[in-house]
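Every number in this text was worked out from the coordinates using simple rules, so none of it is lab data. Computed from a prediction, not measured in an experiment: that's the story for all the values here. Neighbour counts run over all protein chains shown; Cβ positions are idealised from the backbone, glycine included.
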2 protein chains.
Amino acid sequence: MERNCKTCPFNSKAATTLCDASFDQLSENHLVLKFKKGDTVIKQGMYSTNVVFLRTGLAKIHLTGPYHEQIVKLIKAPTYLGLPTTFGDKINQYSVTAVSDVEVCFIDVQVFQTILNENREFSHEIILELCRNELESFRRCANRTQKLIRGNMADVLLEFSEKIFLSDSFTMPLSQSDLANLVDTSRESVSRVMTEFDKDGIIKVNGKQIQILNKKSLKLISQNG
Amino acid sequence: MERNCKTCPFNSKAATTLCDASFDQLSENHLVLKFKKGDTVIKQGMYSTNVVFLRTGLAKIHLTGPYHEQIVKLIKAPTYLGLPTTFGDKINQYSVTAVSDVEVCFIDVQVFQTILNENREFSHEIILELCRNELESFRRCANRTQKLIRGNMADVLLEFSEKIFLSDSFTMPLSQSDLANLVDTSRESVSRVMTEFDKDGIIKVNGKQIQILNKKSLKLISQNG
DNA sequence: ATTATTTTGTGATTTGCATCACATTGCATA
DNA sequence: TATGCAATGTGATGCAAATCACAAAATAAT
């Protein structure tokens with residue numbers, strides 16, 4: 001457990017700003033914690049007075065839906081989490097679970113707010129990030145509800161490849177059940193679509209190892225049925 | 001066309017703060033415009049350097065989905081619109097269309113930003129609002145994708161009654177096609193569900209006039225299938 | 001008033017996908 | 001190495017809701 005925030009490999013501008021501007025406050029008031037794959041970082045329904053900064057690793061945001069768990073998205077460090085909670089009623093509105101081993105900073109709200117008030121650039125960036133999230137939510141929701149399973153699965157594969165792993169081949173970080181909750185289908189359908197894509201030569205599946213062979217096709221499937 | 005912002009019936013705290021704190025700047029820099037029912041207030045894809053404040057009336061936020069228009073939600077004055085656009089790349093990411101006659105203030109981004117920078121309380125409130133929106137999006141999306149049509153329709157009726165019109169009877173502001181895009185179904189299904197609800201004595205439909213007779217049932221339908 | 005044109009109601013048919021029901025594989029822990 | 005549990009593959013069946021196809025109202029336009 002280290003406490004020196006200067007050493008954080010922050011490549012988020014907001015995070016850097018935060019650290020540079022307020023190192024003293026932060027180093028006094030934050031914790032760097034390590035979580036193992038599968039651990040709960042934020043638990044829906046619990047009281048919390050911390051902003052969470054995901055420093056390294058992957059995590060999933062999920063919440064209890066009307067009938068089953070809903071995975072909102074897979075996120076990659078560095079990002080802030082739990083802002084809405086912190087600024088709201090301090091009750092976590094969603095859970096965050098580590099998908100790989102992760103390092104996390106818990107920053108006390110009070111401190112965070114102070115910094116926000118003192119640092120114009122930082123608060124502007126936070127607003128920007130929140131705006132981006134809102135738009136992303138709209139789009140995501142429109143896609144999920146309108147597209148067929150194949151389209152949504154194609155989207156997820158493309159997103160993982162292009163946004164998360166920055167490579168055509170990667171190790172699938174989620175189980176098929178998780179994927180099902182992410183694209184809102186059944187586990188069985190996820191399985192079927194994956195084997196379909198494999199048989200059609202669009203991807204190569206080898207256990208958890210995924211390789212995208214034909215990105216063009218995936219994009220077509222994403223657009224059409 | 002009036003320009004005196006002091007006269008706005010702002011009951012949003014953020015809006016009041018904005019007006020009180022920065023009346024001079026604002027009255028120099030904003031316009032109050034009237035739109036008629038059906039008019040486009042914000043057009044997706046267009047360049048814009050204004051934050052839009054919906055002063056009076058109802059409007060719908062909608063965007064082009066992969067296959068058809070998606071209505072995100074019905075909104076009621078007073079609210080800010082287009083924040084994400086304004087802070088982002090200045091290209092509107094969604095459309096806003098007047099559902100009743102509305103009054104709108106266009107506030108120049110520059111001015112808005114200045115005020116945001118000068119007014120701590122105001123910027124804090126904006127952050128709060130953005131956070132709320134994000135959470136609301138998560139919930140909404142989880143509901144839409146998991147619930148059956150009857151459940152979603154029940155939700156919409158309850159929301160209109162409780163959040164928008166604050167009454168058990170109201171005039172449905174959206175067409176069935178709009179409702180279909182809102183809950184992501186077909187127009188025909190909306191029609192069928194409405195007549196079902198009517199036949200079951202849960203609501204009374206009389207053209208566009210809706211009366212909720214049995215709120216308990218609606219809530220049950222919203223929760224179960 | 002009389003046409004258009006958009007909205008709505010309702011049946012018949014089709015279909016994507018959930019669900020059920022197991023077999024199988026992989027992985028962990030004794 | 002065996003044993004147990006979780007994650008997967010795959011068929012058969014059922015169902016919610018999309019789609020198609022009109023008729024009937026209701027609004028708008030002439």
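Quick notes
- Sorted by Cβ density within 10 Å, fewest first, the residues B:Ser48, B:Ser95: B:Ser48, B:Ser95
- Residue-averaged 222 nm ellipticity for chain A, from DSSP H runs of 4+ at -39500 (n - 2.57), nearest 500: -13500 deg cm²/dmol
- Cα gyration tensor category, rounded, prolate or oblate, for the protein assembly as shown with a/c compared to 1.5: oblate
- Every pair of different Cα atoms in segment A:74-214 enters the Kirkwood calculation, which places the hydrodynamic radius at 17.4 Å.
- Averaging the sequence gap over all C-alpha pairs within less than 8 Å and six or more residues apart, then dividing by the number of residues, gives chain A a relative contact order of 19 percent.
- Shown for A:Lys37: label points 7 Å from Cα along the beta-carbon vector, and their distances to the equivalent points in the other copies, 5.9 nm in ascending order.
- Averaging over all projection directions, the Cα-based convex hull of segment A:147-223 occupies 4.3 nm² in the image plane.
- Selection of trypsin sites (Lys or Arg not before Pro), segment A:136-225, meeting DSSP coil and at most 11 other Cβ within 10 Å: A:Lys208
- Residue-normalised convex hull volume from the C-alpha trace of segment A:74-148: 120 Å³ per residue.
- Sorted from shortest to longest, the distances between the B:Arg187 label points of this copy and the other copies are 4.1 nm, with each point 7 Å from Cα along the line through the beta carbon.
- Theoretical gain in end-to-end length, B:Glu69 to B:Gln113 [0.36 nm per residue, Cα-Cα removed]: 12.7 nm
- Cα centroid separation - segment B:108-171 against segment A:67-84, whole Å: 19 Å
- Distances in nm from A:Lys204 to the matching label points in the other copies, shortest first (labels 7 Å along Cα to Cβ): 6.9
- Per-residue mean of C-beta atoms belonging to partner chains within 10 Å, peptide B:142-153: 4
- When the GluC sites (Glu not before Pro) in segment A:76-131 are filtered for DSSP coil states and for at most 12 other beta-carbon atoms within 10 Å of their beta-carbon, no site remains.
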